[in-house]
Amino acid sequence: MSNARDVTCRPPQQRTLWFFVGLGAVGMGLAVERATYGSTILDLWLGIGVLLALSGVVSLCAVTAEVTADAHGLHFRRLLRRRSVPWADVADLRVRLLHANNPRVHEVRRISLLLRNGRTTLLPLPQAFSGYPSEFDATWEALRALHRAYGSPASDHVPVLSYRTAGRGWAGSLIVCALLLASAGGTACLVPAVASYEQAWKSATPCAAGTPTRERGACLTTQPAVIARTEIHSPKRTSWLYFTERRPLERLAVSQDAAQAFQAGARVELTLWRGEVREVAGEHYVWRDHVPTGGSMALIAAGFALAAGYPAAQVLLRLRGRRLPDDEVVPSALPFAGALAGTALWLLPLCYLHATTLLGSPVALAWAVAGSLCTLGLFALAWRATRVRTPGEVGTDDGGDRDDGDGGEASADEEVFVAARFLERTVYNPYRFGTHIVLGGGPPAVTPHAGPGRFAAQRIPVQRLTVKHVRRARGGDGDQIPRSWHVAELDDAGRPVRLAAAPADLTRVIRALAPAKAPSTLP
């Protein structure tokens, strides 16, 4: 008979949640009462009632959530739904890390079910907020014990999923990419019309004396006016010029500098084109309205297209790593961001200067071809930099040996500081303070700095360390290590310890742990 105990998980602080549920009911009644008796939508009490009602609904959803687990499976409920999943249908229990918007809470831990059919389900409880005490670990261990007793877990270790792992979905990035591309296409469609408008404004001439009234919109018309008063606001708000007798218009939106330059009673000359005031000329200051240009619209369209490249790169990397385990860390898309930044250096000026003359200008065509070749090279480098590197044999990884700067190998007496981290707190890594490992010039040691010197170094007891295997980084290793690093799992006198470093550096550190029993091949 199994010793695994049943688990019941309910939300903490239920009295507080029920209090907010009651407060929400009061708010609902207040909102209904104010809306029934002809209250306006801007009524203060109506707004308060709606806010209280919404908080009550959220609290009701939270207080009615419950998760129970027994020999038959998992049973969980929400406000309007109940569900039971037998252990035979559960392939694995996984920890899901969700980042919170609250600056005091770095992340939220939840439990996710991986079912045999490949679908996933996020349990409503338990939840653990970083920085706050929680019984999450005890509940998690109890659920794992029940799963081992009455089911068949797919993995022995604890899979942890985060925004860096392969198990994260890419639908959100795809939607963002599609929205940015749609914005780029819509903006690009406006380029010809805006360029035509810009050209018409540049070619406009003053109206002749005999020009009919109906044709004066296509030429420039000047009209005297007197400023009645000004309204000066901050640069983020619109400033205004008011005219006496509301002639030729009541007020005109201008910049803050223009509102400060013109004084009440000043005589100005207005220039009108197509029924709009385009210029206000005074004795000491001239204000001109901004006319959008085809180049600026093309620049915005290109910016949207480049911005869409980053979520597209994230989708590409997710698809590229689709065969990785869900909890393994995928490479970062930052190399593609660098390629996009390099593309922006030639694409944005080209779009601004040749918005409508790209195909008709040999210089623009040569510019575009040369820039495209550079972009192709940058993306090839980014593709290579984001490849998934699996751990190879110890001592055969490229870069295992480092030069001393003169073309030869570094001597054994020379101190070399390698960026590496022990992920557990140990006697030689108190409070996980170590950021580097110093090799040469003495026994290997952990240091909180990149040298020189062994100040605050802690000696590594290599005689009791045994290398079990090397693997790629997982979600459970935390966010403090780069995505490209590998992790060596060590045995420290019966205690598991993890050491993370770049692949070549990790190979060199393992070589330096000479007394350790490193396997000849690593998976």
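Sort out for me the Cα centre separation of the stretch 239-293 from the stretch 115-165, rounded to whole Å. Computed from Cα coordinates, the inter-centre distance equals 66 Å.
Working from Cα pairs under 8 Å separated by at least six residues, relative contact order for the stretch 204-277 is 35 percent.
Between amide H atoms placed 1.01 Å from N, distances below 5 Å from A91 occur with L114, L115, R116, all of them 5 or more places distant or on a separate chain. Less than 5 angstrom separates the built amide H of R498 from those of L423, E424, L490, all sequence-distant by 5 or more or on a different chain. Using a 4.7 Å Cβ-Cβ cutoff, the cysteines of the chain lacking any partner cysteine are C9, C61, C177, C189, C351, C374. Sequence-distant contacts, meaning Cα pairs under 8 Å at least 6 residues apart, place the relative contact order of the chain at 10 percent.
The candidate values were (i) 24.9; (ii) 30.2; (iii) 27.8; the one computed from these coordinates for Kirkwood radius over Cα pairs in Å carries the label (ii). Look at the dipole of the chain built from charges on Cβ: of L353, L23, T221, the Cα furthest out on the positive end belongs to L23. Projecting the Cα atoms of A420, V277, A35 onto the charge dipole of the chain (Cβ charges, centred on the Cα centre) puts A35 farthest toward the positive pole.
What percent antiparallel are the DSSP beta bridges of the chain, to the nearest 5?
On the way: 79 of 82 bridges.
Among the beta bridges of the chain, antiparallel pairing accounts for roughly 95 percent.
The dipole here belongs to the stretch 125-211: it is taken about the Cα centre, uses +1 on the Cβ of Lys and Arg and -1 on the Cβ of Asp and Glu, and is about 240 debye.
Converting phi to 3J(HN,Hα) with the Karplus coefficients 6.51, -1.76 and 1.60 and the offset θ = phi - 60°, the stretch 417-422 yields 9, 10, 5, 7, 9, 7 Hz in sequence order, with x at every glycine or proline.
The phi-based Karplus calculation (6.51 cos²θ - 1.76 cosθ + 1.60; θ = phi - 60°) puts the 3J(HN,Hα) values of the stretch 64-70 at 8, 6, 7, 10, 10, 9, 9 Hz, whole numbers, x for Gly and Pro.
Couplings for the stretch 354-362, taken from phi via the Karplus curve 6.51 cos²θ - 1.76 cosθ + 1.60 with θ = phi - 60°, read 10, 5, 10, 10, 5, 6, x, 10, x Hz in order; Gly and Pro are left as x. Selection among H469, G451, G434 by position relative to the dipole of the stretch 419-481 gives H469 as farthest towards the positive end (Cβ unit charges, Cα centre). Express the relative contact order of the stretch 411-500 as a whole percentage, based on alpha carbon pairs under 8 Å and six or more residues apart in sequence. Once divided by the residue count of the stretch 411-500, the mean separation gives 25 percent. Checking the a/c ratio against 1.5 first, then a/b against b/c, what shape does the Cα gyration tensor give for the stretch 208-362? Prolate. Around the amide H of S130, modelled in the peptide plane, lie the amide H atoms of H106, E107, R109, all under 5 Å away and 5 or more residues distant in sequence or on another chain.
Values quoted throughout were computed directly from the atomic coordinates according to the rules given, and no laboratory measurement underlies them. Since this is a predicted model, take the numbers as computed values, not measurements. As a convention, Cβ positions derive from the backbone with ideal geometry for all residues, glycine included, and neighbour counts pool all protein chains shown.
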